[in-house]
Ligand code: CP
C-alpha cells in the first residue's frame, strides 16, 4: 500500500510510543539541530503543508512549528477559531475531514483533550497535539532532549532525576509520562490538593515498573530537590482559574516557589527549567530564571528542533515524491493543453 494511504501515525501522547521510538526521535532531533546549526537544514518536507489550529494563544508552539516547516522546505497555515468554522458552523469531524484532504499534517492546541482526539479520529493525515487541558507532549519531548543535552556527557537517562515543583499541570502530566517511560526518576512535589491525580500516578507508575525508573509524589519540596539534576516548575494558575488565585497563592507560596534558597538545596549540578511563559516573582524568582543555573531559553529554542524532528518523523515517509521524468511528463501534458 502507498505510504500516503496508510492510517496516519499521530503524536497525541507519548504513552502511544515505546521508549525505543522516543529515543529514535531524540536522536533525529539531535541530527536536525546539528544540521540547522551548520546552516544546512535539509529540505526534507519540500512542498508539504501543516495546518495549525490554536484555540488558545501561543508564542513558542506557534513559532516553532511555523519556522520548522519553513526550514524543512514546507509551509504552515495559522488557523484560528473564529477565522475557520471549526466548532461553530462546522463540526470537529467535518473540519478534520476537510483540512486533512488539503494539508499533510495538522497541529492543534485545543481547550479540551477530547477535541484533539476527535480531530485525529477523522483525519487522514498525522495530528500533533500542541497542548490540551490534559497534556503537552511536544513540550515534554523537547524537555527530555534538553535534559540529555545538559547532563554530564555519558550520563544515561536512567541516572537522571527530575523534580517538578508546583501544580499538576498539563506539562507536569506529560513530563511525568515521558520520564518514567524512559527509565528516569521523577518526583512531583506539591501540596496534597494540587498533586498529580491517581490516574496519572497509576499510568506513570506502570511506566516506571516497566522501565526501571521511578515516580514519587510528595508534599516535601526539600526532599524533592535534594538529589535533582533538573528542578522544573510551571505556572500556578492558568486562564479560567482566576477565581482560584488567592487559594492557590496561599497553598504554594512561599514553600514551592523556586528561589535561590530552594535551588541551593539541590546539588550544584542541578539546572532550572520552565516550559514558559513564566510568572516572574510567583512560581520562580528573577534571580533563578535569569541565573547561571537556568536553561529556560535553551529549552525554548529546542522546541524548534523538536518540532522539526517530529514533523520529519511523521511526514517524511508519507510524502509522495515524483521522479523528474514523471513531473516532466505531467508538465508537458498541461503545457500542451494550455497552448492548444
Ligand atoms: N511552552 C509553550 O507551549 O509555550 P506557548 O504557550 O508560548 O506555546
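A short reminder: the numbers here are calculations on the coordinates, not readings from a lab. Here the structure is a predicted model, which means the values were calculated and not measured. Glycine also receives a Cβ, built like all others from the backbone with ideal geometry; neighbour counts cover every protein chain displayed.
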- Query: Applying the selection to the stretch 59-86, what residues are part of a loop (DSSP other than H, G, I, E, B) and surrounded by fewer than 18 Cβ atoms within 10 Å (Cβ to Cβ)?
  - Reply: 59, 73, 80, 82, 83, 85
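Report yes if some residue within the stretch 237-250 is more than 16 Å from the ligand (Cβ to nearest atom) and either within 19 Å of residue 185 (Cα to Cα) or in contact (Cβ under 8 Å) with a residue 12 or more places away in the chain (or both); otherwise report no.
Looking for residues that are more than 16 Å from the ligand (Cβ to nearest atom) and either within 19 Å of residue 185 (Cα to Cα) or in contact (Cβ under 8 Å) with a residue 12 or more places away in the chain (or both), one finds at least one in the stretch 237-250, hence yes.
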- Candidates 248, 303 - the one that is surrounded by 13 or more Cβ atoms within 10 Å (Cβ to Cβ) and either over 29 Å from residue 123 (Cβ atoms) or more than 17 Å from the chain's Cα centre (by Cα) (or both): 248
- Query: With (1) farther than 30 Å from residue 269 by Cβ; (2) surrounded by fewer than 20 Cβ atoms within 10 Å (Cβ to Cβ) as the list, and residue 132 as the residue in question, which single condition is left unmet?
  - Reply: (2)
- Item | Single match in 277, 317 (criterion: away from the ligand (no atom under 16 Å from the Cβ), in contact (Cβ under 8 Å) with a residue 12 or more places away in the chain and either surrounded by 12 or more Cβ atoms within 10 Å (Cβ to Cβ) or in a helix (DSSP H, G or I) (or both)) | 317
- Task: Search the stretch 303-314 for residues that are under 13 Å from residue 8 (Cα atoms) and touching a residue at least 24 places away in the same chain (Cβ under 8 Å) and pair each with any residue that is within 14 Å of the ligand (Cβ to nearest atom) and assigned to a helix (DSSP H, G or I) when their beta-carbon atoms are under 8 Å apart and the residues are at least 6 apart or on different chains.
- Result: 311/65; 311/68
- Out of (1) in a helix (DSSP H, G or I); (2) buried (at least 21 other Cβ atoms within 10 Å of the Cβ), the odd one out for residue 272 is which? (1)
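Can you list the helices (runs of 4 or more DSSP H) found entirely within the stretch 87-186 that contain at least 3 residues being more than 23 Å from residue 7 (Cα to Cα) and within 16 Å of the ligand (Cβ to nearest atom)? Show your work before the answer.
Values: elements: 92-99, 113-121, 137-149, 170-181.
Counting at least 3 such residues, we get 137-149, 170-181.
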- Within the bounds of the stretch 89-110, is there any residue that is over 25 Å from residue 320 (Cβ atoms), within 20 Å of the chain's Cα centre (by Cα) and touching a residue at least 40 places away in the same chain (Cβ under 8 Å)? yes
- Message: Give me the residue from the stretch 36-58 that is assigned to a loop (DSSP other than H, G, I, E, B) and within 16 Å of the ligand (Cβ to nearest atom) and, out of that set, surrounded by the fewest Cβ atoms within 10 Å (Cβ to Cβ).
- Response: 57
- Note on the structure: Of the listed residues (224, 251, 328), the one being part of a helix (DSSP H, G or I) and touching a strand residue (DSSP E or B) at 6+ places or on another chain (Cβ under 6 Å) is 224
- Every listed condition ((1) within 25 Å of residue 318 (Cα to Cα); (2) in contact (Cβ under 8 Å) with a residue 60 or more places away in the chain) holds for residue 58 save (1)
- Over the stretch 68-86, the set of residues more than 23 Å from residue 7 (Cβ to Cβ) and over 21 Å from the mean Cα position of the chain (by Cα) is 73, 81, 82, 83, 84, 85
- Exception for residue 21 within (1) within 17 Å of residue 141 (Cβ to Cβ); (2) touching a helix residue (DSSP H, G or I) at 6+ places or on another chain (Cβ under 8 Å); (3) away from the ligand (no atom under 16 Å from the Cβ) falls at (2)
